[in-house]
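S.K.: Below: one structure in structure tokens.
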Amino acid sequence: MQISLVEIIVTIVLLIWGLFVITILTKYLYGQMEKRGFEHNVSVYYNRKIIHIFAGGLIAVLVPFFYQTPLLPLIFALLLTVYTYVPHRTGNLMWWFQTEDNICECTFAFMWGGILTLGWIVSGGNFWFGVLPLLFMAVGDAVTGVIRNALYKQRTKSWWGNLAMAAFSIPAGVILGIAGVIAGAIVSVVEHFEFGPIDDNITVPSISFLILVLANFYAPWLLSIKLFNV
């Protein structure tokens, strides 16, 4: 895989941005929420969703416009996986968004890189095939989390949150046509359910990606993927 100088520069900029969101922006926002009387767990949960959107979602959308191959984005994601996992191993959590009881932020980063890469491979070089499931995970799931946090002040499941997720994910699915819309609708329901240790950072992108793969091989007329070759 040939890597251009532009890709290298963009990767450095995006890595700096991702680290800024994780280590500086959300820590600052935690302090602001604390001043306003937010409970610790509420502030932490909001910060996790801010990272979802402004690191995971925003960077995913930019990938198709700057990269020719998924190699550097994959390395980027793996670095962030390690970066967020080490505090769990050492006991020095980034307390403004990490918790002892789960490592969902680590699976988020890992799945981000894996689905993006697999999507590029399966589609024959179209990043949007992997980006759309990432948007369901990064933005759609974040929206449902914000709604739940605002309503219940704790980590819990709510159909109101899933309805908000559907309000984002179904229109976003248009990016890849009918198959994308179907995938967005289905994962908006799937997110509501928990499957033991398998969190929604795994189920949402995996299931939506599987739907797109099946459409690609068995019902390609449901995809409008060629419209987004950039």
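S.K.: Once both axes come from the Cα atoms, what is the angle between helix 71-90 and the longest principal axis of the chain, in degrees from 0 to 90, rounded to 10?
M.R.: Helix 71-90 sits roughly 20 degrees off the main axis of the chain.
S.K.: Among S158, L116, A60, whose Cα lies farthest out toward the positive end of the dipole of region 1-158, if unit charges sit on the beta carbon of Lys, Arg (+1) and Asp, Glu (-1)?
M.R.: S158
S.K.: Also, quick follow-up: Would you count, across region 5-228, every pair of lysines whose alpha carbons are under 22 angstrom apart, provided the pair is eight or more residues apart or spans two chains?
M.R.: Within region 5-228, the lysine pair count is 7.
S.K.: Quickly work out the E100-to-F193 label distance, labels modelled 7 Å from Cα along the C-beta direction, and quote it in nm with one decimal.
M.R.: 3.2 nm
S.K.: Please list, in order along region 120-136, the HN-Hα scalar couplings obtained from phi with the Karplus expression 6.51 cos²θ - 1.76 cosθ + 1.60 (θ = phi - 60°), rounded to whole Hz, x for Gly and Pro.
M.R.: Coupling constants for region 120-136: 5, 5, 4, 7, x, x, 9, 5, 4, 5, x, 5, 4, x, 5, 5, 4 Hz.
S.K.: Would you mind computing, in nm to one decimal, how far apart the modelled labels at V13 and L79 are, each placed 7 Å from Cα along Cα→Cβ?
M.R.: So the two model labels end up 1.5 nm from each other.
S.K.: For a label point 7 angstrom out from the Cα of Q2 toward its Cβ, which stretches of region 91-131 have the backbone nitrogen within less than 17 Å?
M.R.: Inside the label zone: 125.
S.K.: Between [x] 0.97; [y] 0.95; [z] 0.92, which entry matches Rg/Rh (Cα atoms, Kirkwood Rh) as derived from the coordinates of this structure?
M.R.: Computing Rg/Rh (Cα atoms, Kirkwood Rh) and matching it to [x] 0.97; [y] 0.95; [z] 0.92 gives [x].
S.K.: How much length is gained on full extension from L214 to V61, taking 0.36 nm per residue of separation minus their Cα-Cα distance?
M.R.: Separation in residues times 0.36 nm, less the Cα-Cα distance, equals 52.8 nm.
S.K.: Between V174, V86, V213, which gets the highest mean-square fluctuation from a Gaussian network model of the chain, Cα cutoff 10 Å?
M.R.: Ranking V174, V86, V213 by mean-square fluctuation puts V86 first.
S.K.: Here's another thing I want to ask about it. For a quick protection proxy, order the peptides 72-79, 103-110, 131-138, 5-12 by their average other-Cβ count within 10 Å, most packed first.
M.R.: So the peptides 72-79, 103-110, 131-138, 5-12, ranked by packing, come out 131-138, 103-110, 72-79, 5-12.
S.K.: A follow-up question, please. How much length is gained if the chain between E39 and W159 is pulled fully straight, taking 0.36 nm per residue apart and subtracting their Cα-Cα distance, in nm to one decimal?
M.R.: Taking E39 through W159 to full extension adds about 40.9 nm, to one decimal.
No value in this document is a laboratory result; all are computed from the given coordinates. Predicted model, so just to flag it, every value in this text is computed and none were measured. All Cβ positions, glycine included, derive from the backbone under ideal geometry; neighbour counts span all protein chains shown.
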